[in-house]
1. Just how many pairs of Lys in the range 52-284 have C-alpha atoms closer than 20 Å, counting pairs that are eight or more places apart or on different chains?
2. Which cross-chain or sequence-distant (5 or more) residues have an amide H under 5 Å from the amide H of Val82, H modelled 1.01 Å from N in plane?
3. Scan the range 244-299 for GluC sites (Glu not before Pro) in coil per DSSP, keeping those whose Cβ has at most 16 other Cβ atoms within 10 Å, and list them by number.
4. Taking H as built 1.01 Å from N, whose amide H comes closer than 5 Å to the amide H of Ile334, not counting residues under 5 places away?
5. Which whole-Hz ³J(HN,Hα) couplings does the range 20-29 yield from phi under the Karplus relation 6.51 cos²θ - 1.76 cosθ + 1.60, θ = phi - 60°, glycine and proline marked x?
6. Once amide H atoms are placed 1.01 Å from N in the peptide plane, what residues at a sequence separation of 5 or more from Val134, or on another chain, have their amide H within under 5 Å of its amide H?
7. Explain nothing, just the number: dipole magnitude of the chain about its Cα centre with +1 on each Lys and Arg Cβ and -1 on each Asp and Glu Cβ, in debye rounded to the nearest 20.
8. Considering only DSSP states other than H, G, I, E and B, which chymotrypsin sites (Phe, Trp or Tyr not before Pro) in the range 48-132 qualify as loop sites with at most 16 other Cβ atoms within 10 Å?
Amino acid sequence: MNLNHTNKIRESIQSLMNESLEVNSNTPQKYWYPLSMVSYDIEEILEAVDSLCSFQTTMGKKTLQFESKFAEINNCSEAIMVNSGSSADLLIAFALVNQQAKLLNKGDEILVPSVTWPTQLWSLMMAGLKVRFVDTDPNTLNMDLNDLENKIGPKTRAISLVHLMGNPCNMDRVLAICNKHNLILIEDCCESLGAKFKGKPVGSFGIASSYSFFFSHHITTMEGGMIICKDESLSDQFRLLRAHGWARAAKHIEPEPIEGIDPRYMFLNWGFNVRPTEIQAGFGLEQLKRLPTFNSQRLQNVLYFKKYLNQHSDIMRLMEVLPDAECSWFAMPIILTQDCPFTKDEFLAFLEEKGVETRPIVAGNLTRQPVCELYPELQEPNLKGADIVHERGFYIGVHPFEAKKNLDRLSEIFEEFIKNKI
């Protein structure tokens, strides 16, 4: 679009946005403190309009640009964009057992977190791997590494790690365990974009890692996800799986001509169709520019509210962050202590009534979900840490904008309830 057209479109979009803001400000909202807030602005919308007006909407140049910039900030050479974080998990799982990658065999055991988003688990099961749950450390919300070591058996071949709520795992110990037992490591970073351990981005430790750009995450492309890795051959397996197994989807593979096969329609493997759009990638390019400010503000908001929570550390606490870790706070997960004089249900009902949106910490202990009754192999007793998270944990939002006034009001609501219970 030329400059004159862009300015006219900008003015029109700004006018529409102002009208929407006015309508919303005059419309009663259920939550004054929601889990997430809109983090995109006119620049992202202009990118979307540019793609629509230039008739370039399917995966193309902007996607390549977004992939390149994303790989750079995460200290990896390869990035492959997909249509969701769940699709990123899916492709990683199927690449592990792909005949061309030859990393794992169907039926191999992979250790997974007991508290995580379910698609991390379903993807591995769909790919034919045998999953086994590891208990959760209720302090950090990540894998209990003592239980992890105890669960490693003769059939264990891999670990699927998650940095829950943006909190990095102890990667020194995780890597030592992997090296000792010759285990493959994959990372789910869908809630941890920007997090680091000893200055190194999470997601750059394993052979491949997944990210999500859903509306409520660190950056948004509405729906969208990414895989990063360092191996060119593996990255092309992801590209083939992303788009039908189509030869033209690969970046580093140059297949030999085959008589009778049109090179435009050559298929090197089987695959899905989980490609993103240029509209999503355009959003992502603009959102990446905002990421450092977003994460910095999230941290400031957490530290500000933590000062209040510290006054009631005998009742509730935030998750712990390791000294060597830089957390990219996805939300503010809170655990009620064993001596807390009220129940979680009582507290959440009060918060919801006061307009504070809440959620359980992901799905809680996954073995307690009804779906696990369908799969006897998912039963895993003695997940005491996961039970603590399930029974006493919840989270509230942390927003990427300055929020001291809102957090002051939030602390007043917390205090009102606590004083009535003590």
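1. Summing the qualifying lysine pairs gives 22.
2. Gly225, Met226, Ile227
3. Glu259
4. Answer set, sorted by chain and number: Phe394, Tyr395, Ile396.
5. Working through the residues one at a time gives 5, 4, 5, 4, 5, 5, 9, 9, x, 10 Hz.
6. Amide H neighbours of Val134: Val112, Ser114.
7. Here the chain has a charge dipole of around 380 debye.
8. Here the sparse-neighbourhood loop sites are Phe55.
Every read-out reported here was derived from the displayed coordinates using simple, explicitly stated rules and does not represent laboratory data. Model, not experiment: these values are computed from the prediction. Every residue, glycine as well, gets a Cβ built from its backbone with ideal geometry; the counts of neighbours run over all protein chains shown.
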